[in-house]
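A quick write-up on the structure given underneath.
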Amino acid sequence: MSNNVQDRSSELVQLMMKYQRRIFAYIHTLVPSRSDAEDILQEASLTICEKFSGFETGTNFYSWACQIAYWKVRAARKKFATSKVVFNQEVLDVISETRFELEEELDTRHGALSRCLKKLNDRDRRMVLTRYESGKNVTAAAQASGRTIQGAYKALNRIRKTLFDCVSFEISTERA
């Protein structure tokens, strides 16, 4: 394998690791269920790998990958045609455009949330991260933090308010 091919393969792996969650989130805004979004992500990932030789290094990989994902979503819409809720193509296009317009705002908020989570004490951070981990609930969060279920609900409400206030402050400080 030549160095150039190895470099491109390495670049692809790094970019996919960096952006796969965001590509999934983009797809999930356009399809009705998580499992459908996961299936489309797999199909899009295969196509991204196949077409990566045509990707120009230094350009926006996320946008390029989302265009591939968008076309995969459009193709999958035929499968969704029998479900109760199917957006027409105009609605799908508006959602897609809106997602891209909000991407910078979402990145800013995500960064602020990460910083605010680090400010929580270990017990609260562990509880909130457990609660929002895929497949977990308040019972699991209560167990992870050593609280009763009622105590966990109260603590989660307090932590959410603390995080909301912290994120709002971080963003206002950043923009000032």
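The values are calculated or read from the model by the stated rules, or taken from the named source; none is laboratory data. Remember, it's a predicted structure, so these values are computed and weren't measured experimentally. Neighbour counts are summed over all protein chains in view; Cβ atoms, including those assigned to glycine, are modelled from backbone coordinates with ideal geometry. Ligands, DNA and RNA are excluded from the accessible area calculation, which covers all protein heavy atoms including side chains. Shrake-Rupley method; radii C 1.70, N 1.55, O 1.52, S 1.80 Å.
If you check E103 against the conditions, is it of a type in the set (D, E, K, R), surrounded by 15 or more Cβ atoms within 10 Å (Cβ to Cβ) and closer than 30 Å to C66 by Cβ?
Here the answer is yes, as E103 does meet what is asked.
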Open item on the list: Please pick out the residue among I40, I48 that is closer than 21 Å to V91 by Cβ and modelled with pLDDT of 90 or more.
Closed with: I40
- [ ] Hey, can you tell me all the residues within the stretch 147-176 that are open to solvent by less than 60 Å² (accessible area, probe 1.4 Å) and farther than 27 Å from D107 by Cα?
- [x] R147, G151, A152
- [ ] Kindly list, by first and then second residue, each pair from a residue in the stretch 158-169 that is closer than 13 Å to K119 by Cα to a residue that is not aromatic (F, W, Y) and not in a helix (DSSP H, G or I), limited to pairs with Cβ atoms under 8 Å and residues at least 6 apart or on different chains.
- [x] I159/L120; T162/L120; L163/L120
Open item on the list: Can you say whether T139 is without any contact (Cβ under 8 Å) to a residue 24 or more places away in the chain and open to solvent by 90 Å² or more (accessible area, probe 1.4 Å), as far as the supplied structure shows?
Closed with: no
- [ ] Run down S96, S35 and say which single residue is exposed (fewer than 10 other Cβ atoms within 10 Å of the Cβ), within 30 Å of G135 (Cβ to Cβ) and modelled with pLDDT under 90.
- [x] S35
Open item on the list: If the requirement is being assigned by TED's automatic domain parsing to the domain that holds F169 and either surrounded by fewer than 18 Cβ atoms within 10 Å (Cβ to Cβ) or at pLDDT 85 or above (or both), which of these qualifies: L30, L120?
Closed with: L120
